[in-house]
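The values are calculated or read from the model by the stated rules, or taken from the named source; none is laboratory data. From a predicted model like this one, the values you see are computed outputs, not experimental measurements. All Cβ positions, glycine included, derive from the backbone under ideal geometry; neighbour counts span all protein chains shown.
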Amino acid sequence: MLRYVKKTLIFGVLLSGMACTSSPTGEEVAVECKVNELLEKMTLQEKIGQMNQVSPYGSDEDMLGLVKEGKVGSFLNITSPELVNRLQRTAVEESRLGIPLLMSRDVIHGYKTIFPIPLGQAATFNPDLVEAGARVAAVEASADGIRWTFAPMIDVSRDARWGRMAESCGEDPYLNAVMGVAMVKGFQGDSLNSPTSMAACAKHFAAYGAAEAGKDYNSTFIPERVMRNVYLPPFEAVAKAGCATFMTSFNDNDGVPSTGNRFLLKQVLRNEWGYDGMVVTDWASATEMVAHGFCKDRKEAAEKAVNAGVDMEMVSASFLENLETLVKENKVSEKVIDEAVRNILRLKFRLGLFEQPYIVTEQSVKYAPEHLAKAKETAEQSVILLKNEKEVLPLGSNVRTLAVVGPMADAPHDQMGTWVFDGEKAHTQTPLQALRSMYGDKVQILYEPGVAYSRDKRTEGIAKAVAVARRADAIVAFVGEEAILSGEAHSLADLNLRGAQQELVEALSRTGRPLVTVVMAGRPLTIGKQVKESDAVLYAFHPGTMGGPALANLLFGKSVPSGKTPVTFPRMTGQVPVYYAHHHTGRAPSGKETLIDDIPLEAGQTSLGCTSFYLDAGFGPLFPFGYGLSYTHFDYSRLKLSAEKLNQTDILTASVVLTNTGKYEGTEVVQLYVGDKVGSVTRPVKELKAFRRVSLKPGESQTVTFELPVSSLAFWNLKMKKVVEPGEFTLWIGTNSEEGLSAGFEVI
Ligand code: GLC
């Protein structure tokens, strides 16, 4: 409603012809006024030029010429501050209307100071920390003139074969929404027109993470109800939070590529959500609609993309080539062009580019000590303790000699993970370096990689690693994935550790020495065998520049693990997609299933249990969503609900007493889930509705209270209406998606 009022107000002011300089009702009206004033001066060619985003090509002179002719609205991937200012000066001082350029880049999890990959940031369940990391990225990137980043990526990702899970905030819509909003706030800062603010970009709109078979760019087949209940909520959340731009996704959903999808770009984004930001295509995704077989040629691709609601075309230049003709042929109306250009100009005004087009941030902000400290804090909180038997961790004073082995112990490039264009490996602090510098005075560090890199199949080095391990009081094996094995276009059909890594861990396990396995990867890997062979396991989704000091502190107990799995860990690749918020089906497992090695010979057809499970993998995952241990232990007691029967407008208060029953101070991520027992359509067994990090000293207790509006239980039902259906619900509060105290309540 508010947005409608604002638009009416703006329209009223514009009608009155009030001069743009006076803004009786605030900045928004002034911006709208300036946008329309500028638009009226623009030729059709200049309007189309604003809709064109260019990637560096040819010589600087070539690009300067294009700018001078008013044929570019934005560049991506130019990071030389000198060239940025030169291009900007040409746009502002030498083009006819002096419209500034919008410089953009994929600043996904840090610019120079690299933070954990977004999947690792999600594992912190700490939106404040994630917001701070995005703020650091914006400050550093703006020093090179970048004022628009193509992040956050908030594609719900439930298939670990898909390499881009690394870039997402995991499998849960609510977690993606919370983390996406945090990143938008961090990138955009308190006001978009600050010179250190970057416009954020919600991507990839939409359902790109549901690529069939986890193969990147593949088709998706997501019906509208699942689209609205699972894949769109994070995008709606960031739209409401003021995310300045959206990016269309590569995939065709149910036959319609997102870049030509009016349902998504007009009906949902503009009409239902009232979004007034700017929509950009993904890299050449407009002309890729020809490859999709959705358009016969580039001209039709331009026509369908613009008429569907795209404002700016990334690099494929079909708008520049065809829109003037399409307008003349009445296939695209100039009104549609005007609306697209309004969205582009509005963003440039909001960014303050007309007032301050040139770079003002100092180069010295890059790798600033406080930035590195924030990256280390985030890396520490992103690491998940999956196993810790015989309290091997934290390593104590009994460890005088430590064997450090594995291909990821000293891998400065790969530790940063995917989507790193500007971070420099020379600044990475690896676990080996950190253990030597931070603990080398107390502990003798023996290092032998054993396997040179994650895909290295050679086993000759394993004997040396074993020899080193035999001389040590404990072993830490750093294994996982090189950065290139996750990210865009890097899907895997097999999630096992690669190369000779499995042989390495097995050989180390046979030494009988306490074995800690640390995994650095861009996705959950099927590490069940390594978990069995290790006494303790820490999982670090590519932890970034400061991953080494973070892991060193965790290993020696200077900090205590608090990360939780943002995705379900499969036992075998064949289980994928596997996620906690699945539906009941009619055949939920009974727990009495007969697994493959226990099946008697000539077993009768129906004798194994006719339920939804795998003979060779059972039903459940290796580790569920929201799972993570601590060096201490937390006890949940006294779950209380404020009411058993609630109306639609009520707020349910739920509380639990959390007690630290262990001997270390630690932080627990308390999670609240709700399951809708019966619906007009089948519902997920449970859905995450809230979480909170709670730090407690040994012996300390705290009552943790959540306020849950009944309205938050709404879903798109059989009639495709978003409602809360009366009926019975179950609420859980606990330590992960499988364990917790539960109670029932009813909505009447
Ligand atoms: C890529 C990605 C997108 C990125 C864009 C610009 O192909 O799909 O996430 O922002 O192109 O690099």
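Scan region 52-68 for residues that are more than 13 Å from the ligand (Cβ to nearest atom), free of Cβ contacts under 8 Å to residues at least 60 places away in the same chain and either part of a strand (DSSP E or B) or over 20 Å from Lys348 (Cβ atoms) (or both) and jot them down.
The answer is Tyr57, Gly58, Ser59, Asp60, Glu61, Asp62, Gly65.
Can you find, within region 531-551, the residue that is nearest to the chain's Cα centre (by Cα) among those that are surrounded by fewer than 24 Cβ atoms within 10 Å (Cβ to Cβ) and assigned to a helix (DSSP H, G or I)?
Here the answer is Val531.
Considering every residue within region 204-212, establish whether at least one is acidic (Asp, Glu) and either modelled with pLDDT under 95 or under 24 Å from His490 (Cα atoms) (or both).
Within region 204-212, one or more residues are acidic (Asp, Glu) and either modelled with pLDDT under 95 or under 24 Å from His490 (Cα atoms) (or both).
Those residues that are in contact with a helix residue (DSSP H, G or I) (Cβ under 6 Å, 6 or more places away or on another chain) and of a type in the set (Ser, Thr, Tyr), I need them from region 183-200; list them, please.
Correct list: Thr196, Ser197.
From Arg228, Arg270, grab the single residue that is surrounded by fewer than 23 Cβ atoms within 10 Å (Cβ to Cβ), under 19 Å from Lys689 (Cβ atoms) and more than 16 Å from the ligand (Cβ to nearest atom).
Arg228
Here's a check for you: in region 237-248, which residue that is within 26 Å of Lys215 (Cα to Cα) and under 15 Å from the mean Cα position of the chain (by Cα) is nearest to the ligand (Cβ to nearest atom)?
Met247
List every residue pair whose Cβ atoms lie under 6 Å apart, where the two residues are 6 or more positions apart in sequence or sit on different chains, the first residue falls within region 575-602 and is more than 22 Å from Thr565 (Cβ to Cβ), and the second residue, located anywhere, is of a type in the set (Ser, Thr, Tyr) and part of a loop (DSSP other than H, G, I, E, B).
As it stands, the answer is Thr585/Ser612; Arg587/Thr611; Arg587/Ser612; Ser590/Thr611, since those pairs meet every condition given.
Return the total of residues in region 197-223 being closer than 16 Å to Ser486 by Cβ, away from the ligand (no atom under 15 Å from the Cβ) and out of contact with any Pro (no Cβ under 8 Å at 6 or more places or on another chain).
Residues that pass the stated criteria total 0.
Can you confirm whether Ala177 is closer than 30 Å to Met572 by Cα, aliphatic (A, V, I, L, M) and under 11 Å from the mean Cα position of the chain (by Cα)?
Considered against the rule, which asks whether it is closer than 30 Å to Met572 by Cα, aliphatic (A, V, I, L, M) and under 11 Å from the mean Cα position of the chain (by Cα), Ala177 comes out as yes.
From the residues in region 485-507 that are aliphatic (A, V, I, L, M) and in contact with an Asp or Glu (Cβ under 8 Å, 6 or more places away or on another chain), which one is farthest from Lys215 (Cα to Cα)?
Residue satisfying both the conditions and the ranking: Val505.
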